[in-house]
Ligand code: MRU
């Protein structure tokens, strides 16, 4: 099976090629993004989406802005503008801001080098962000594998698969790995209204990989849990606060309440780039509000709601930390108390990196 590469630089290194996720599952169309405006549009319209993928796309976008403006006199001011502009594309997934801030630090550290060299370093930094995400996903998949038993039913929501990341996925990673290693699992994928990431992307990715996947409407989750078909919930994360409150696709917090009711373990998957040391609790997470048309007409052949009716369309909600069994990171599964254990995970990552650097 041919692997889909959702984000990459063009051969010439002067544009970004992305798989347009809005066209899936019917068409696999790659589009070339040449300007910051095109990248901004691709992020806001969810052509590229999923917290880690947004961060990676923005990092490459920052590099492309540097390439374009390298010879300009007010280069550094322009780069600050580029960071602000790209950072205003979506508010909830912290990976966007995390990646842009890493790019800014790289720019500052190399500011005195010849411009051409600055641009080359930024390209390397964007590549490193992509590569590290790939590595984190593999480690998360391995860390979560012991949570999966043969014959188990797992419910997932939205899309936290390879398409939402650099490769392998976060919450879907261990499912794909379990399948690869010959385990039998049954995945229930919520369709995920209103943008149908579960139906269009998760069902597509799992089905394509040969994993046993059953698509359900969001309001059927209670029923499949009540029937005893679900032994664990695995979902992604857009931003984890230090107390463990974690934002993910709208509908996630309701699933956590249901899981608690039925005594089903509820795991969220967050590489440490999704854990925000500057966000204390879920109350500090900004929830993106999206266009009413996504609810009233986007995927219908004709409008399904009266003209002029009020629509509320928050794209995410926050799962209260008390409802989360554990948060899977590349440094292992983090259990409560989350604050203390997140700090320990950051520390493990730092020392692992230092050891690796010392070896090189
Ligand atoms: O609006 P989206 O499609 O970008 O929302 C994506 C999610 O909510 C994912 O679960 C999350 O980003 C984790 S992706 C590994």
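The values are calculated or read from the model by the stated rules, or taken from the named source; none is laboratory data. Keep in mind that this is a model prediction, so the values were computed, not measured. Reconstructed Cβ throughout: ideal geometry from the backbone, glycine too, with neighbour counts over all protein chains shown.
Okay, residues lined up against (1) touching a helix residue (DSSP H, G or I) at 6+ places or on another chain (Cβ under 6 Å); (2) at pLDDT below 95:
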residue: 313; (1), (2): yes, no
residue: 317; (1), (2): yes, no
residue: 323; (1), (2): yes, no
residue: 330; (1), (2): yes, no
residue: 339; (1), (2): no, no
residue: 344; (1), (2): no, no
residue: 353; (1), (2): no, yes
residue: 360; (1), (2): no, yes
Answer yes or no as to whether residue 144 is touching a strand residue (DSSP E or B) at 6+ places or on another chain (Cβ under 6 Å), within 16 Å of the ligand (Cβ to nearest atom) and in a helix (DSSP H, G or I). yes
Members of the range 241-273 that are more than 11 Å from the ligand (Cβ to nearest atom), surrounded by 24 or more Cβ atoms within 10 Å (Cβ to Cβ) and not in a helix (DSSP H, G or I): 241, 244, 245
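Residue-wise test of (1) out of contact with any strand residue (DSSP E or B) (no Cβ under 9 Å at 6 or more places or on another chain); (2) assigned by TED's automatic domain parsing to the domain that holds residue 124; (3) more than 15 Å from the ligand (Cβ to nearest atom).
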| residue | (1), (2), (3) |
| --- | --- |
| 2 | yes, no, yes |
| 56 | no, yes, no |
| 68 | yes, yes, yes |
| 85 | yes, yes, yes |
For the range 109-122, check the following and say yes or no: at least one residue is in the same structural domain as residue 328 (by TED's automatic domain parsing), modelled with pLDDT of 95 or more and part of a helix (DSSP H, G or I). no
Subset of the range 162-183, residues part of a helix (DSSP H, G or I), closer than 27 Å to residue 315 by Cβ and in contact with a helix residue (DSSP H, G or I) (Cβ under 6 Å, 6 or more places away or on another chain), comes to 163, 164, 173, 174, 176
Filtered residue count, the range 16-53, keeping only those that are surrounded by fewer than 18 Cβ atoms within 10 Å (Cβ to Cβ) and in a loop (DSSP other than H, G, I, E, B): 9
Residue 159 in a loop (DSSP other than H, G, I, E, B), crowded, with 16+ Cβ neighbours inside 10 Å and within 16 Å of the ligand (Cβ to nearest atom): yes
For residue 228, are the conditions met, namely being farther than 21 Å from residue 144 by Cα, within 16 Å of the ligand (Cβ to nearest atom), surrounded by fewer than 21 Cβ atoms within 10 Å (Cβ to Cβ) and over 15 Å from the mean Cα position of the chain (by Cα)? no
Within the range 36-54, can you find the residues that are more than 29 Å from residue 140 (Cα to Cα) and either assigned by TED's automatic domain parsing to the domain that holds residue 201 or out of contact with any helix residue (DSSP H, G or I) (no Cβ under 8 Å at 6 or more places or on another chain) (or both)? 37, 38, 41
Looking at the range 299-308, can you tell me whether even one residue there is surrounded by fewer than 12 Cβ atoms within 10 Å (Cβ to Cβ), touching a residue at least 12 places away in the same chain (Cβ under 8 Å) and either over 20 Å from the mean Cα position of the chain (by Cα) or not assigned by TED's automatic domain parsing to the domain that holds residue 250 (or both)? no
Among the residues of the range 274-298, count how many are over 22 Å from residue 328 (Cβ atoms), crowded, with 17+ Cβ neighbours inside 10 Å and away from the ligand (no atom under 13 Å from the Cβ). 2
In the range 184-214, which residues are surrounded by fewer than 17 Cβ atoms within 10 Å (Cβ to Cβ) and without any contact (Cβ under 8 Å) to a residue 40 or more places away in the chain? 184, 207, 210, 212, 214
